[in-house]
Amino acid sequence: MGKEIGVTVKKSEDFSEWYTQTVIKSELADYAPVKGLIVLRPDGYSIWESLKSSLDKKFAATGHRNGFLPTLIPESLLTKEKDHFAGFNPEVFWVTKSGDGELGDRLALRPTSETLAYTLFAKWIRSWRDLPLKINFWNTALRAEIKATKPFLRTSEFLWQEGHTVHVNSEEAEKEVTDILELYKKTVEEELAIPVITGKKSEKEKFVGAVYTFTMEALMPDGKALQMGTSHFLGQNFSKPFELKYADKDNVESYAWQTSWGVSWRLIGGMIMIHGDDRGLVLPPRVAPIQVIIIPIYYSDEDKEKIGKISKEIEEKLKDAEIRVQVDNREQLTPGFKFNEWEMKGIPLRIEIGPKDLEKNQVTFARRHNRQKDDQEITGLVERVVSELDKIHNDMFSDAKKILQERTSEVDTYDEFKTELEKGRLIKAPICNNPECEEGIKEETSADVRVITSDAEDTSSKCIKCSDQSSMRPLFARGY
RNA sequence: GGGAACGUCGUCUAGUUUGGCUAUGAUGCUAGUCUGGGGGGCUAGAGGUCGGAGGUUCGAAUCCUCCCGUUCCCA
């Protein structure tokens, strides 16, 4: 009876289907009429806004300012840095017409903004006094996805932010790259309760055009790793073709040093996969559009009035404490229906208020992440809600962290590697410097080097592929 | 990159094999009523031209062609 309102498959049995149903049924997003595009509904957009505001505060505190760039980039600009363009070329959408007329120079819908931004930066920067330049853009990027798309994880247009900075020297730029990575890690852990592993990308997996790329990776329940954010050291790879030069204190012209970095709504996809369960979404409290849902329960008109009043009072008090709270006053629905609906939508804390509770001057708390219920005195309720939400966040984070640790393996042979990979593990394994070994492993197992952690150096082991002396012990996994 | 499945009221769906009456049922929606501590009951009502375009035919949701979109599985 009406069970199909909820998610109809188990997370552990059909992960892909579970994910799609959870996204659509919880009303975070819906499909757009064009292939590969999704629409963010208010609950989904609200989560994005929370992330945005948290990041904006941190960006501002570290001296970054926001700007806005147009969506269209002329072909001549996009192709200026050859490797960079080659990396994006197959995914670029082109605009070739305006009305009935053909355009002379066709225009790309930006797959990323480096070339456009750096053309402008070159105009704006004259002297060392103009540096550092630290700008961030909240926008969308468009990349034609040929492969099967998935809401939030792979779509042809996605929301993201891209930061671009310009510095006088390499040291300052490289510090920016690691500072941003740390800022991202903090945001993901503190807002989304997702534990990540940070480090470098391999030469093979780095951003096209970058000198090197830092990444943070999270492990999903199906054993695949999800890249949650990247921070690139661009060196002078772009400043040279874009003539991004400045006069230093001795009035000598030098090419500037650059970084770029970004996170996208993929973070929301990661959050859904990591925390969700068979009943649907489980939202981390700090980004939940509604943190507390109050369900009034009553039998008689008299109770209805009393309970309505107290629900309203509690709502007001929680609002004063800046908690995102809502009373579910819908009269046509039974409490049981509401419980299930809000659980599917992942609301972290539910407060039930009924006649039995009122008699004892208490309410019932029901937590989404572990489904525990207990009674709470009405006196001092606001403080307890605040601490409960923090506790829920901490529980969710430590649970996720425990799982990540349990699912990280260390191996020394290719056989063990393959066995662990089939178990859906993140695997630490020694590899040599020869790029063919990394390539070969990817071809044979479809696992790649996800991240080279700062402690990954290892010259005393044997490469799992060729048995030569190893150079490092990075983390491998299959990726999204 | 390869393979498979699918598209019919808001949602899930019957009907397609073998073309033929007013396109089936449930759920949701609206109104009323009784209810209400884990997806309520009853009564009445509204809601679809069958993903789109073309074609075959006296007649197409059903057959053919193309297009659009979605899902799942394997590199």
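What's the ranking of A:267-278, A:147-158, A:8-19 by average number of surrounding C-beta atoms within 10 Å, highest first?
On the way: A:267-278: 23.1, A:147-158: 18.0, A:8-19: 15.2.
Per-residue mean Cβ counts within 10 Å order the peptides as A:267-278, A:147-158, A:8-19.
Given the pairs A:Lys52/A:Lys423; A:Lys52/A:Lys401; A:Lys97/A:Lys206, which are separated by over 31 angstrom at their Cα positions? Spell out each step's value before the answer.
Working: A:Lys52/A:Lys423 35 Å; A:Lys52/A:Lys401 24 Å; A:Lys97/A:Lys206 34 Å.
Among A:Lys52/A:Lys423; A:Lys52/A:Lys401; A:Lys97/A:Lys206, the Cα-Cα distance tops 31 Å for A:Lys52/A:Lys423; A:Lys97/A:Lys206.
Could I get the Rg over Rh figure for region A:163-226? Both from C-alpha atoms, Rh via Kirkwood, rounded to two places.
Values: Rg = 13.4 Å, Rh = 13.2 Å.
Ratio of gyration radius to Kirkwood radius: 1.02.
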DSSP-defined beta bridges in region A:3-275 - what % are antiparallel, rounded to 5: 95
Above 14 angstrom, tally the Cα pairs of region A:403-480 and express them as a % of all pairs, no decimals. 56
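Quote to one decimal, in nm, the extra length available between A:Asp250 and A:Glu359 on full extension: 0.36 nm per residue of separation minus the C-alpha distance between them. Spell out each step's value before the answer.
Working: separation 109, 0.36 × 109 = 39.24 nm, distance 8.05 nm.
Stretched out fully, the A:Asp250 to A:Glu359 stretch lengthens by 31.2 nm.
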Region A:251-327 versus region A:3-67: alpha-carbon centroid distance in Å: 13
Cross-link reach list, aspartates and glutamates versus A:Lys204, counting only Cα pairs under 14 Å and skipping chain neighbours closer than eight places: A:Asp83, A:Glu436, A:Glu438, A:Glu439, A:Glu443, A:Asp448
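Which whole-number percent of Cα pairs in chain A have a distance greater than 38 Å? If you can, show how the numbers build up before the last one.
On the way: 39881 of 114960 pairs.
Every Cα pair in chain A considered, those over 38 Å come to 35 percent.
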Can you return the lysines within cross-link range of A:Lys356? Criterion is Cα-Cα under 16 Å, with same-chain partners fewer than 8 residues away left out. A:Lys304, A:Lys306, A:Lys309, A:Lys373
For region A:42-154, share of DSSP beta bridges that run antiparallel, in % to the nearest 5: 75
Using only the alpha carbons of region A:140-299, determine the length spanned along each of the three principal axes and report them from longest to shortest in whole angstroms. 82, 35, 26
In whole Å, how far is the Cα centre of region A:86-159 from that of region A:412-452? 33
For region A:3-275, what does the relative contact order come out to in percent, with C-alpha contacts under 8 Å and a separation of six or more? 18
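Which number do you get for Rg(Cα) / (2.2 N^0.38 Å) in region A:79-229?
Values: Rg = 17.6 Å, N = 151, 2.2 N^0.38 = 14.8 Å.
Scaled against compact globular proteins, the figure is 1.19.
Under unit Cβ charges (Lys, Arg +1; Asp, Glu -1), what dipole magnitude, rounded to 20 debye, does region A:3-275 have relative to its Cα centre? Present the calculation step by step, with values, prior to reporting the outcome.
Working: 35 positive and 38 negative charges, 13 e Å.
Dipole magnitude for region A:3-275 comes out near 60 debye.
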Under 13 Å from the Cα of A:Lys80, which aspartates and glutamates turn up, not counting those fewer than eight places away in the same chain? A:Glu114, A:Glu243
What is the projected area of the convex hull of the Cα atoms of region A:312-425, averaged over all directions, in nm²? 9.7
Using label points projected 7 Å from each Cα along Cα→Cβ, tell me how many nm separate A:Asp130 and A:Lys58, to one decimal. 3.0
Run the simple label-point estimate for A:Thr334 and A:Glu203 please: 7 Å along Cα→C-beta, distance reported in nm. 6.6
Bins of 5 Å from zero: percent of alpha-carbon pairs in region A:32-142: 2, 9, 15, 16, 18, 17, 13, 7, 3, 0
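Around A:Pro42, what is the net charge, scoring Lys/Arg as +1 and Asp/Glu as -1 over all other residues with Cβ under 12 Å from its Cβ? Please report the intermediate quantities before stating the final value.
Numbers: positive: A:Arg41, A:Lys345; negative: A:Glu27, A:Asp30, A:Asp43, A:Glu49.
It works out to a net charge of -2.
Quick note: the coordinates plus some simple rules give every number you see, no bench work behind them. The shown structure was predicted, so the numbers you read here are calculated from the model rather than taken from an experiment. Reconstructed Cβ throughout: ideal geometry from the backbone, glycine too, with neighbour counts over all protein chains shown.
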